[in-house]
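Have a look at this one.
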Amino acid sequence: MTTVSQHVRPSGIALRTPGKSDGSAVWQLIADSGSLDENSLYCNLLQCSHFAQTCVLAEMDGKPVGWLSGYIPPEQPDTYFVWQICVSPQARGLGLARHLITEALNRSACRNVNRLECTITPDNAASWGLFKAMARVLGAPLGSGLHFDCQHHFDNRHASEHLVSIGPFDPAERERLRAA
C-alpha cells in the first residue's frame, strides 16, 4: 500500500512512497530522461518494494514526474545514500530534486541519519550544484573524492564517479530543508 505524504508542493506535485505497481512507471521515467543510467525493470521493482521507505515518487496529476532512489547502507546506519534522482522536463526548475531528498530524510526510516552521500561524475553540474546547496542549507561540510575510477572500475565504459558526502549534520537541521 502506498501513502501520500503531507507534502503537496504549491505547483501541484505530490510526493509519496512508491509501491510495487510503480516499478514500470519509474523505469520508463528514467528511460525517458535520456541522461541517466538505466537499471533493469526488476531493479526498479525492488526499489519500489524492498526499498520503498527510502525512495520517493513525485506525481503531477497522477503522472510520475520525479523519482529518488536511495537507501541506508548496512554498514553505515547514519548515512542516506542517494542512488538516483530523476526529474522530468515538465517539473524541472521547481526545486523538486531537493524536495525529494527532504522527503526521504524526514521519513522515520531515516531518523538516525546525519550524513548524506551520493556519487557524481565530474561533468554533472546539476548534481554538483544540488549537493553543494544541500550542504549549505544543512550547515554541514561537503567532501568528495574519487570512488569509482573510469578505467579500474568501469573498464572505460563510464565516467569516473566521485563520492560526495555531506555531514555530519544535526538531524534537527532537516527542518531547514523544508523552509529553504
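Kindly indicate whether P74 is open to solvent by 40 Å² or more (accessible area, probe 1.4 Å) and free of Cβ contacts under 8 Å to residues at least 24 places away in the same chain.
In short, yes.
Of all residues being without any contact (Cβ under 8 Å) to a residue 12 or more places away in the chain and at negative phi in the range 29-39, which is least open to solvent (accessible area, probe 1.4 Å)? Just the residue, please.
Across the range 29-39, the extreme among qualifying residues is A31.
Results for (1) of a type in the set (K, R); (2) out of contact with any strand residue (DSSP E or B) (no Cβ under 9 Å at 6 or more places or on another chain); (3) modelled with pLDDT of 95 or more, shown as yes or no for each residue.
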| residue | (1), (2), (3) |
| --- | --- |
| F51 | no, no, yes |
| D61 | no, yes, no |
| S69 | no, no, yes |
| R98 | yes, yes, no |
| N112 | no, yes, no |
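Of all residues being among the hydrophobic types (A, V, I, L, M, F, W, C), modelled with pLDDT of 95 or more and out of contact with any His (no Cβ under 9 Å at 6 or more places or on another chain) in the range 114-127, which is nearest to A172 (Cα to Cα)? Just the residue, please.
Going residue by residue through the range 114-127, those that are among the hydrophobic types (A, V, I, L, M, F, W, C) are 116, 118, 120, 125-126.
Then drop every residue that is not modelled with pLDDT of 95 or more, which leaves 116, 118, 120.
From what's left, out of contact with any His (no Cβ under 9 Å at 6 or more places or on another chain): 116, 118.
Values: L116: 14, C118: 21 Å.
Filtering first and then ranking leaves L116.
When you check I85 against the structure, is it within 22 Å of T119 (Cα to Cα) and surrounded by 15 or more Cβ atoms within 10 Å (Cβ to Cβ), yes or no?
Yes.
Table: residues versus (1) within 15 Å of V164 (Cα to Cα); (2) of a type in the set (S, T, N, Q).
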residue	(1), (2)
Q90	no, yes
G93	no, no
L100	no, no
A104	no, no
A125	yes, no
G129	yes, no
R136	yes, no
G139	no, no
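Right, another one. Mind listing whichever residues of the range 130-180 are modelled with pLDDT of 75 or more and part of a strand (DSSP E or B)?
Scanning the range 130-180 gives L142, G143, S144, G145, L146, H147, E161, H162, L163, V164, S165, I166.
Across the range 110-132, what is the total count of residues that are open to solvent by 40 Å² or more (accessible area, probe 1.4 Å) and hydrophobic (A, V, I, L, M, F, W, C)?
Of the residues in that region, 3 qualify.
The values are calculated or read from the model by the stated rules, or taken from the named source; none is laboratory data. These numbers were taken from a predicted model, which means no experiment stands behind them. We place every Cβ from the backbone using ideal geometry, glycine too, and count neighbours over all the protein chains shown. All accessible areas refer to the heavy atoms of the entire protein, side chains included, with ligands and DNA or RNA removed. Shrake-Rupley method; radii C 1.70, N 1.55, O 1.52, S 1.80 Å.
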